[in-house]
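Each remark here refers to the structure printed beneath this line.
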Amino acid sequence: MGKASAGSKVLHWLLCALTLGAFFDAFAAESPHVTLDIVYDEQKRYVHVQAKTVLSSNSPRFYLSKTAKIESVDLDTRFIISESHDAHIFDLKDGYQKVTVKFNYSISLPKSNDYAVINESSGRVDWSGSSTNAFLPGGRLWYPFFNRPSTAHLTIKTIVGLRAIAPGLPIAYTERDGYAITTLDITRPILGLDLMIGQWQVQQKFMSGRKEKILLQTYFDKANAGIAKEYLDLCERYIHFYENLIGTYPYSSFTVVSSPFPTGLGMPSLTYISEKILKYPFIKTRSLPHEIVHNWFGNGIRVDYSSGNWSEGLTTYLADYWQVELASEYEAKEMRYGWLRNYASITDGDEKSLQAFTTRHHTASSTIGYGKSAMFFHMLRKSIGNEPFINCLKDFWLTYRYQSASFHDIRDTCQTHTNINLTVFFDSWIPTVGAPKLSANLTQTNAPERLMTINHDGKWVYPLDVEIYSDANAIESTKLMRGDEITFALSVDDVKSTKIKLDPHFNIWRKLDAAELVGTLRDFIAAKQATYIQLTSDIQDGSAIISTYFMENTTYGEQTPDSNKSKKDPVIILGDIASITEHLNKSVNAIDSEHLMPISEVDFVMVSTYITNTPTLLISTPKVITDKYFSMLISRARHYGKYSWLKISPNGITEKGKWPIQEKVFSF
């Protein structure tokens, strides 16, 4: 969605601070401290704040959003207040060492259902309020923001029936005269303090951590209250697991909060997840451990962005991937393939290096910052070995906890656990774009020897799995790729043929061969542009609806439908079942058409396939459909990007599937 009011400024100050991470120790001994007494007026959507903090020679300036109306200030000649285009600025005057600043202010929040509140492409939520909830993200400078991590003490007053929560340890909760008062302590310095208010039922549980008891909490809406115990048990299980894998959990609590917004956010000791998806298995098995691992990597160790954001990839690998690998090697292979398949969907112009990645803002950035980065850590693990990799994680945590760290710091830590030159390995992946494109050649020398040459169109460094099959035997080995190509002797008996597979299990970041590509809906979500063909008149302008609710970019129309001519751009064809079938019948090269499921005239179906080697998205709509209903269906389909086909019946039942993964075999 992404309107300028939400997308361009909501995290501007916070991101500026993040880029300065190399200059500020994330948990410095003299971090600034803020005391906030907050009252939320749910009828007017007003937040009233009494703030107290200290300007010092170590922290001589803080910012407050210009949206905040300053109502009173305890004046002191030792500080001054000025304004920028979007902030009130409080500065310690030259010549003074310290001054206490006390002031009152209020903020009027937008309505929670305003269009600009949510940016779906980035997952961010802007500040907003209603009679039943409020959200204040730290990036909005709703509290004194020092451009460096700070501690805080919060007292939040709401009407009874509303609860307040923020990253930190709940100290007290009382109800008096129709009001609820929550007290929170944030003792670990935090960069960007988020405050949430909502109608929640609270459940708690204490678990025994490695060094102290940890408070586990759920703040769930009424509809999700029944799964609170399951979430508490899962949190305990995951924290135990990752304490063994990484080290002591860095906070005194962990809280899962249900959000009225269709998004998921993570912050120190807390995660804010859409109330509509908490029940789904992928949230429990992937999203939840992901946010828990962030307490070690991303929060416990903060990112030094000078060489890129390593935390999303490492967290994805240790949480989303590691949990899948423990359950099923087949599903782990599918996930690795999925990262590579996503990479095949983005354009060269959208690709950035790992060094350039800071945060996710569209499909391409997610593909690199999460997928490529996770595969990088997978290749690192394969290069140095499983046990050294785990020891590296533990060592990295002990060395840099409560500090900032970079890719270079990970490299230097892991270097102590291996004899492999990791500088060459890191330098081939972190600052670079592109990926290996594998090819193989087998030449005859003196029988029975042959020379095997493997080229990868670049100078990346990684361990490559090679499988060689002949009539008589099979050879499996791992070769260290380095430089433009490698050549080695291969003893092969007098056989009729030799078949070679390179990286058959998708263990390296690379360009998939055309034979390995299967259609996915994400190809069209991420497409820069696409040729659009509409074969039905029931929808006024399907191109505009698809552009708004499904794609990240704009489609353009084509006047003469012709599926048999070569096209550079992907093609989107919209029609009913009859017109889609008619159009398919005109094509002489409808790849994968034998896999298409029967399509009913009342179903909504999306199929990603290839026609004349062109990525083609077929959309079949019910015979009678309105623009509004089509918009709802196409928006829902956006969440199924990794699948090849999607079918939604009139009663809302969803079926989806993927085309089977094909192997590339070099035959000689």
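Annotation: per residue accessible area for the chain equals 42 Å², rounded to a whole number [probe 1.4 Å, protein chains only]. Shape call for the range 407-468 from the C-alpha gyration tensor, a ≥ b ≥ c root eigenvalues: rounded (a/c under 1.5), prolate (a/b greater than b/c) or oblate? Judged from the Cα gyration tensor, the range 407-468 comes out prolate (a/c at least 1.5, a/b above b/c).
The accessible area of E476, taken with all protein chains in place and a 1.4 Å probe, comes to roughly 130 Å². Each Lys and Arg Cβ is given +1 and each Asp and Glu Cβ -1; about its Cα centre, the chain then shows a dipole of about 1160 debye.
Under a model in which nothing but the beta-carbon of Lys, Arg (+1) and Asp, Glu (-1) is charged, the range 328-434 shows a dipole of about 120 debye around its Cα centre.
The largest accessible area among R286, R176 belongs to the first residue in R176, R286, and the rest follow in falling order (1.4 Å probe, all chains). Ranking L393, L535 from most to least accessible surface, computed with a 1.4 Å probe over the protein chains only, gives L535, L393. The modelled label-to-label distance between V624 and Q50, using points 7 Å beyond Cα along the C-beta direction, is 6.3 nm.
Cross-link check: pairs K222/K352; K479/K656; K102/K229; K333/K394 evaluated at a Cα-Cα cut-off of 32 Å; pairs beyond the cut-off: K222/K352; K479/K656; K102/K229. Across the accessible surface of the chain, with the other protein chains kept in place and a 1.4 Å probe, carbon and sulfur atoms take up 49 percent. The accessible area of H408, taken with all protein chains in place and a 1.4 Å probe, comes to roughly 80 Å². Shape verdict for the range 225-288, please, from the Cα gyration tensor: rounded (a/c under 1.5), prolate (a/b greater than b/c) or oblate. Since a/c reaches 1.5 and a/b is larger than b/c, the shape of the range 225-288 is classed as prolate. Per-residue packing, averaged as other Cβ atoms within 10 Å, sorts the ranges 253-264, 420-431 into the order 253-264, 420-431, beginning with the highest.
Taking every protein chain into account, the 1.4 Å probe leaves E329 with about 100 Å² of accessible area, to the nearest ten.
When Cα extents along the principal axes in Å is calculated for this entry, the matching label among (i) 79, 77, 51; (ii) 85, 64, 42; (iii) 89, 66, 47 is (iii). Of R302, R638, R482, the residue with the largest accessible area leads and the full order is R482, R638, R302 (1.4 Å probe). With a Förster radius of 51 Å applied to the beta-carbon distance between S106 and F206, the computed FRET efficiency rounds to 0.85. For the chain, the residue among H85, Y63, T174 whose Cα projects farthest onto the positive side of the dipole built from Cβ charges is T174.
For the range 325-405, what class follows from the C-alpha gyration tensor (a ≥ b ≥ c being the square roots of its eigenvalues): rounded when a/c is under 1.5, otherwise prolate if a/b is larger than b/c, else oblate? Judged from the Cα gyration tensor, the range 325-405 comes out oblate (a/c at least 1.5, b/c at or above a/b).
Between the residues Y532, Y549, L288, the greatest Cα displacement towards the positive end of the dipole of the chain, with unit charges on the Cβ of Lys, Arg, Asp and Glu, is found for L288. Relative contact order for the chain: 9 percent, from Cα pairs under 8 Å spaced at least 6 residues apart, divided by residue count. The relative contact order of the range 407-485 comes to 23 percent, based on Cα pairs under 8 Å that sit 6 or more residues apart. Ordering I277, G308, W322 by Cα displacement along the dipole of the range 277-322 toward the positive end leaves I277 in first place; charges were set at the Cβ atoms of Lys, Arg (+1) and Asp, Glu (-1). From helices alone, the chain scores -6000 deg cm²/dmol at 222 nm; the rule is -39500 (n - 2.57) for each run of n ≥ 4 DSSP H residues, then divide by the residue total.
The values are calculated or read from the model by the stated rules, or taken from the named source; none is laboratory data. All values reported here derive from a predicted model rather than from experimental measurement. Using ideal geometry, Cβ is built from the backbone for each residue, glycine included, and neighbour counts are taken over all protein chains shown. Side chains included, ligands, DNA and RNA excluded: accessible areas come from the protein's heavy atoms. Shrake-Rupley method; radii C 1.70, N 1.55, O 1.52, S 1.80 Å.
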